[in-house]
Amino acid sequence: MNYQLDFTPVLDGLPSLLLGCLGTFLLAICGMAFAIIIGVGGVALRDSHIKPVRWLVIGFVELIRNTPFLVQIFFLFFALPLIGIRLDPTPTAIIALGINGGAYAIEIIRGGVQSIPRGQMEAGLALGLHNVQVFRLIILKPALRAIYPSLTSQFVLLTLSTSICSAISAYELTSVAQRIESDSFRSFEVYFTITIFYLAISWLMMRLFALFSARYFNYPVK
């Protein structure tokens, strides 16, 4: 084997790779925000007194958790145009990431909500708070504190799942790397480099999550 390493194409494409990292980061952040909205809303609806609503949420969670993310994003990008809904690659990627992450977030957040003693909810109602205030002030924040490590781990996985969005040509790190590799045929050098980049992105996301936790979820010091 006489393969000679040559990182010149990687160095030449470094500005594009850095922009790809930014694209990955933005896809992840937007996907997480959408997932949180779906997760919190889904938890509220999951315990609805209206049975069809509960069944709809349960069906959504089971459907998303038991199908591949690649199939989900292909469905949004290739199947929806058949009924007149056409989306560009980046919005499709954000929606797919949000839906996928939201299904997992529903179950994670629901576990945290169920860990809150019912007496606290009843105390909130006794103080004159309505159901939305009880959910937001008494249930949601302690629940999020309890499940924050699990939720952030899921979101790190969601960040890494952005690489699958290259299948529909969404602008992110893997799609940029594929273009450089197809032009230079330096597969080892290109994918070795983006492996390092993904490690850096994951580390950065974990640091941001840790800072957010320290700011909003730490118990006050006596």
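The numbers here are math on the coordinates, done by the rules we state, and not lab data. Owing to the predicted nature of the structure, the values given are computational and were not obtained by experimental measurement.
One table, with the values for the structure above:
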{"read-out": "Degrees, to the nearest 10: 14-46 long Cα axis against longest axis of the chain", "value": "20"}
{"read-out": "The chain - mean residue ellipticity at 222 nm from DSSP helices (-39,500 (n - 2.57) per run, n ≥ 4, rounded to 500)", "value": "-24000 deg cm²/dmol"}
{"read-out": "In sequence order, calculated HN-Hα J values of the stretch 133-139 (Karplus, 6.51, -1.76, 1.60; Hz; x Gly/Pro)", "value": "5, 4, 5, 6, 8, 9, 9"}
{"read-out": "Sequence-separation-based contact order of the chain, relative, with Cα cut under 8 Å and 6+ spacing, percent", "value": "32"}
{"read-out": "Calculated from backbone phi, Karplus (6.51, -1.76, 1.60) coupling profile of the stretch 146-158 in Hz, x at Gly/Pro", "value": "5, 9, 4, x, 5, 5, 5, 4, 5, 6, 5, 4, 5"}
{"read-out": "Alpha-carbon centroids, the stretch 9-40 and the stretch 144-173: separation in whole Å", "value": "10"}
{"read-out": "Tilt relative to the chain, helix 173-184 - C-alpha long axis, 0 to 90 degrees, to 10", "value": "10"}
{"read-out": "Semi-axes of the equivalent ellipsoid for the stretch 122-190, Cα gyration tensor, largest first, Å", "value": "48, 12, 6"}
{"read-out": "Using alpha-carbon coordinates, inclination of helix 187-216 to the longest axis of the chain, degrees", "value": "20"}
{"read-out": "Cα-based equivalent ellipsoid of the stretch 168-222: semi-axis lengths in Å, sorted from largest, via gyration tensor", "value": "37, 12, 4"}
